[in-house]
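Right, one structure below, let's go through it.
Each value in this text was obtained by applying a stated rule to the coordinates, not by laboratory testing. The structure displayed is predicted, hence computed values, not measured ones. Please note: Cβ atoms are built from the backbone with ideal geometry, for glycine as well, and neighbour counts cover all protein chains shown.
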Amino acid sequence: MTEEHQSTVARLIELAIEYDKGDARRIHHFLKVHDFAATIGRLENIDEPTQFILESAAVVHDIGIHNAEKRWGNSHGHYQEIEGPTVAKELLAKTGAYTADEIDRICYLVGHHHTYVNVDGIDYRILLEADFLVNAYEDEMSVHARRTFEERVFRTAAGKRLLELEFDDCEAAANESETTENKTVTERDTAADEQK
């Protein structure tokens, strides 16, 4: 990214941290999503304007959580998508560095970052992948959940590779799960035979 774009994203990060003041969990989450998004974008060689949009959206993708919790009583993804764009637009405007079209696209991404159908651009795709890479770890997702999401959502070579590297235990865990299930079935069958 250009030096100007890098400075703008840094200012947006500062504003987002200020907005989430005292909520270290949320701050660390969006910083990690930003870093994964930036990395995937660079590895996929996306163009400069799209990289700028992507990194900016990654910073503010969850910015609607606090309002969702206040208004709806929880932070479900659907409510984040409803509440996020308004707050994102305010923060983007505070930087004084985004065009109207850039703000519109970033707010669109914020308003769809939990919607996995009709993905209309590489910025959208990478944001979904980056958010999942972080959520999979933070939420301690099962191997099955990770694999299902990978099959349904991951499309970039870089995103798939990072997922594979982040969770290199997938194959071992899958085999372990299968062994445990087989053992449970065998134990159940043995117990049933003994009762006869």
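Please name whichever of 128, 167, 76 sits farthest to the positive end of the charge dipole of the chain, dipole taken about the Cα centre and charges placed at Cβ: Lys and Arg +1, Asp and Glu -1.
Positive-end residue among those listed: 76.
Nearest 10 degrees is fine. How inclined is helix 100-110 to the longest principal axis of the chain, computing both from alpha carbons?
20 degrees
Are there any trypsin sites (Lys or Arg not before Pro) in the range 9-92 that are in a DSSP loop and have at most 15 other Cβ atoms within 10 Å? List them by number.
Answer in residue order: 21.
Nearest 10 degrees, 0 to 90: what angle lies between the long axis of helix 143-153 and the longest principal axis of the chain (Cα atoms)?
Roughly 50 degrees between the two axes.
For helix 24-43, what angle does its Cα long axis make with the longest principal axis of the chain, in degrees from 0 to 90 and rounded to 10?
The helix 24-43 is inclined about 90 degrees to the chain.
Between the range 1-79 and the range 98-129, how far is it from one alpha carbon centroid to the other, in angstrom?
Here the answer is 12 Å between Cα centres.
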